[in-house]
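For reference, the structure discussed in these notes is given below.
The values are calculated or read from the model by the stated rules, or taken from the named source; none is laboratory data. Keep in mind that this is a model prediction, so the values were computed, not measured. Every residue, glycine among them, receives a Cβ derived from its backbone with ideal geometry; neighbour counts consider all protein chains shown.
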Amino acid sequence: MPKTLKCDSQLLRKDLSGRVYVVTGANSGTGLATSRQLVRQGAHVVGACRRVSAGETVFADFARLPGSAEIMQLDLASLASVRQFSIDFLGKHKRLDGLINNAGLVTSEGRTEDGFEIQFGTNHLGHFLLTELLLEILKASAPARIVCLSSVVHAGRGSQAVSIDFDDLHYERKPYSAMAAYAQSKLANILHARELAGRLDGTDVTAYSVHPGWIRSNFGAEVMPGWLRGAMNLALRPFSGLLGIMSPEDGAQTTLHCLLDDDAPTHNGAYFSQNSILYPKREHRAGGWPMRSPNPNARGEALAKRLYDVSSELVGLGS
Ligand SMILES: NC(=O)c1ccc[n+]([C@@H]2O[C@H](COP(=O)([O-])OP(=O)(O)OC[C@H]3O[C@@H](n4cnc5c(N)ncnc54)[C@H](OP(=O)(O)O)[C@@H]3O)[C@@H](O)[C@H]2O)c1
């Protein structure tokens with residue numbers, strides 16, 4: 001049975017009073033579990049959610065925990081919304097100890113408000129702009145950490161390693177593939193963390209990317225009919241453990257490790273992964289903190305730099 005990597009239990013008792021974290025997509029799945037744990041340890045968590053009411057409903061359960069929490073509106077598929085969120089956040093808060101770029105979606109063909117391919121635009125470009133707009137407060141609050149949620153899917157299957165198609169980033173020429181677009185966006189998350197680590201060297205702000213595991217969550221709901229999701233849940237549930245399907249709480253462990261482990265900064269920019277049956281080779285399936293991605297493009301320095309420059313242009317920050 002695949003073994004879930006757990007954050008050291010001592011770290012989950014660390015007092016986080018006075019610390020402020022932003023968690024995107026905090027109303028569901030691993031974002032909710034990460035937020036709950038941080039509040040349990042005394043932190044203040046800002047849940048950045050596109051549906052404020054959904055966030056407020058689930059955060060109501062935090063009322064008896066030692067820390068505090070609030071929901072602020074953020075739609076990563078809109079650059080205007082990302083800009084508004086950062087204005088609102090900076091107007092309200094004087095520090096930021098951790099930014100968890102957790103929200104994500106896999107969905108059928110679509111565009112963001114700004115005309116980007118929906119998954120690259122939401123999963124990467126929205127988070128890219130958010131991170132840039134919050135960099136100064138992260139630096140001022142250092143030591144601080146940035147965690148970018150990626151996925152094992154970034155590695156690709158078979159001989160074809162996933163890459164970033166700069167010639168057709170938004171599927172204007174090639175036929176659309178939801179999984180290929182998702183994989184490209186998740187490779188971008190890894191490259192983003194790697195490039196941030198280099199650029200932030202010496203600031204005591206460190207960055208990490210994470211495959212959280214195969215989590216029982218709402219993920220993929222948009223591409224799967226309800227009856228199929230229900231049937232899969234029923235059929236797979238008895239085999240969950242064998243397949244390595246984990247709870248959102250277990251899915252939050254890698255993020256929490258990257259946020260809280262004293263040794264994590266010695267692996268600044270690295271990719272951390274839970275186990276996965278999806279990795280092509282047995283040695284990669286166990287995951288690792290940190291681990292070497294089987295996709296050489298995930299370690300491509302030139303690719304990471306080019307992605308950073310292109311992303312800056314696309315979100316209107318210039319190169
Ligand atoms: N589940 C897995 O097995 C798995 C495996 C590998 C990686 N991951 C990654 O883990 C992360 C969390 O996934 P999860 O399993 O916790 O999924 P989830 O339960 O579906 O949660 C995803 C969160 O992202 C939010 N979101 C989606 N589009 C958004 C937008 N435009 N603006 C702001 N928020 C948006 C969702 O908000 P709404 O509730 O409003 O939709 C939700 O809060 C994702 O980045 C995913 O790629 C998941």
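A few points about this structure:
- For segment 106-124, the set of residues classified as among the aliphatic types (A, V, I, L, M) and in contact with a strand residue (DSSP E or B) (Cβ under 9 Å, 6 or more places away or on another chain) consists of ILE118 only.
- When HIS154, HIS170 are screened for being under 15 Å from PHE120 (Cβ atoms) and either in a helix (DSSP H, G or I) or touching a Lys or Arg at 6+ places or on another chain (Cβ under 6 Å) (or both), only HIS154 passes.
- For VAL106: the one exception among (1) out of contact with any Gly (no Cβ under 7 Å at 6 or more places or on another chain); (2) within 11 Å of the ligand (Cβ to nearest atom): (1)
- Test: residue in segment 209-217 that is crowded, with 24+ Cβ neighbours inside 10 Å, polar (S, T, N, Q) and within 16 Å of the chain's Cα centre (by Cα): yes
- Test for VAL152: is it within 16 Å of the ligand (Cβ to nearest atom) and under 21 Å from GLY31 (Cβ atoms): yes
- Exactly one residue out of GLY316, GLY269 is part of a loop (DSSP other than H, G, I, E, B), modelled with pLDDT of 90 or more and surrounded by 18 or more Cβ atoms within 10 Å (Cβ to Cβ): that is GLY269.
- Conditions (1) modelled with pLDDT of 95 or more; (2) surrounded by fewer than 24 Cβ atoms within 10 Å (Cβ to Cβ); (3) farther than 23 Å from TYR208 by Cα; number of the one not met by THR107: (1)
- Filtered residue count, segment 45-70, keeping only those that are in contact (Cβ under 8 Å) with a residue 40 or more places away in the chain and more than 18 Å from the chain's Cα centre (by Cα): 2
- Every pair of residues 6+ apart whose Cβ atoms lie under 9 Å, when the first sits in segment 78-89 and is within 14 Å of VAL52 (Cα to Cα) while the second is more than 14 Å from the ligand (Cβ to nearest atom): PHE85/LEU133
- Residue in segment 208-217 that is near the ligand (Cβ under 10 Å from one of its atoms), modelled with pLDDT under 95, out of contact with any strand residue (DSSP E or B) (no Cβ under 8 Å at 6 or more places or on another chain) and farther than 28 Å from SER311 by Cα present: yes
- In segment 155-202, the residue that is nearest to ILE277 (Cα to Cα) out of those that are within 15 Å of the ligand (Cβ to nearest atom) and among the hydroxyl-bearing types (Ser, Thr, Tyr) is TYR182.
- Residues of segment 10-44 that are in contact (Cβ under 8 Å) with a residue 60 or more places away in the chain, part of a loop (DSSP other than H, G, I, E, B), under 23 Å from LEU90 (Cβ atoms) and near the ligand (Cβ under 9 Å from one of its atoms): GLY25, ALA26.
- Every residue from segment 244-266 that is touching a Pro at 6+ places or on another chain (Cβ under 8 Å) and either part of a loop (DSSP other than H, G, I, E, B) or modelled with pLDDT under 85 (or both): GLY244, ALA252
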